[in-house]
Amino acid sequence: MENTNTTPSIDTNFKHVLHKAETRGHANHGWLESYHTFSFANYQNRERMNFGVLRVLNDDRVNQGMGFGKHPHDNMEIISIPLEGDLEHQDSMGNTTVIREGDVQAMSAGTGIFHSEYNKNQDQLVKFLQIWIYPNKKNVTPRYDQVTLDLNDRHNKLQQVLSPNPEDEGVWIHQDAWFHMGKFDAGIATQYQIKKPGNGVYVFVLRGDFTVQNINLNQRDGLGIWDTDSLSLTANSEGAEVLLMEVPMQL
């Protein structure tokens, strides 16, 4: 559990990159609307290729009954985090499952995997984050991981949802990365300690407003921070939600 308090210290000796929500790439395919923080498909921006080993952060909305047909991946760690609705998953390893808000899904594509993701419902949208991380091991045996977490465990604190360790809370991947999610009342502050020296943290605001270090962020803004041992967050609105992605900065 991360330490939560009302007067966190502020480290001003850090490097950062700010990605405002409206500067993201955007694609609307009718059945799919997607916002790309980093270059993806038809959105190509040489200044937005990655943040360390974080390669893809797609904010997807899929219409009723629609989805991504079976397609391949290899040598990538793929994480899906549902924000609303139900996402049905099938893959070439024989997994068929549904992920919902509170669930986190991870796949190690390794030597190669095929999978599909569909909106299971005919009466509501599904909204989810699709995240790709470069692995620290290539050509591993493909694997699938899924957990259901207690949403109460992220109220006014940061809940770990991903790590490099199978025995830890959340899913695990082949990379020295840690993800945390939190939902905060207005005015609540917390401090996050970097787990591994040299790692950076990409902060993505899911809902509401935050101040991270001395930088103000709004809904769907992203902020990458590195060359620091810790960072401070303060929620500036009620029910503000955030995803922290700590990742190695070297590919």
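Structural remarks
- Flagged links, alpha-carbon separation over 24 Å, of Lys137/Lys183; Lys20/Lys196; Lys15/Lys196; Lys20/Lys137; Lys157/Lys196: Lys137/Lys183; Lys20/Lys196; Lys20/Lys137
- Taking Cβ atoms as reference points and 15 Å as the exclusive limit, the residues near Pro135 contribute a net charge of 0, counting Lys and Arg as +1 and Asp and Glu as -1.
- Whole-angstrom gap from the stretch 86-127 to the stretch 128-165, using each part's C-alpha centre: 14
- Taking all protein chains into account, the per residue accessible area for the stretch 77-172 stands at 43 Å² (1.4 Å probe).
- Listed residues Thr211, Thr23 arranged by accessible area, highest first, probe 1.4 Å: Thr23, Thr211
- Residue-wise HN-Hα couplings along the stretch 32-48, as the Karplus relation 6.51 cos²θ - 1.76 cosθ + 1.60 with θ = phi - 60° gives them from phi, are 10, 10, 9, 10, 10, 5, 10, 3, 7, 6, 7, 8, 10, 9, 4, 8, 10 Hz; Gly and Pro carry x.
- Computed E for Trp31/Asp168 - FRET, C-beta separation, R0 45 angstrom, nearest 0.05: 0.80
- Long-range Cα-Cα pairs in the stretch 48-144 (distance over 21 Å), rounded percent: 31
- Segment Val98-Asn121, extension gain: residue separation times 0.36 nm, minus the distance between their alpha carbons: 7.2 nm
- In this structure the stretch 11-63 gives 52 Å² per residue of accessible area when probed at 1.4 Å with all protein chains present.
- Residues Lys138, Lys157 ordered from highest to lowest accessible area at a 1.4 Å probe: Lys138, Lys157.
- Gain on full extension, evaluated as 0.36 nm per residue between Gln64 and Asn156 minus their Cα-Cα distance, stands at 29.8 nm.
- Percent accessible area from carbon and sulfur atoms, the stretch 1-137, protein chains only, probe 1.4 Å: 45
- The stretch 145-219, accessible surface, carbon-and-sulfur percent (1.4 angstrom probe): 43
- Here the 3J(HN,Hα) profile of the stretch 96-101, calculated from phi with Karplus coefficients 6.51, -1.76 and 1.60 at θ = phi - 60°, is 9, 7, 10, 10, 10, 3 Hz, Gly and Pro shown as x.
- Measuring only protein heavy atoms, the 1.4 Å probe finds Leu18 accessible over about 80 Å².
The values are calculated or read from the model by the stated rules, or taken from the named source; none is laboratory data. As the structure is a computational prediction, the values presented were derived from the model and not from experiment. Positions of Cβ are generated from backbone atoms using ideal geometry, with glycine treated the same way; all protein chains shown enter the neighbour counts. The protein model used for the area step is the full one, side chains on, heavy atoms only, and it has no ligands, DNA or RNA in it. Shrake-Rupley method; radii C 1.70, N 1.55, O 1.52, S 1.80 Å.
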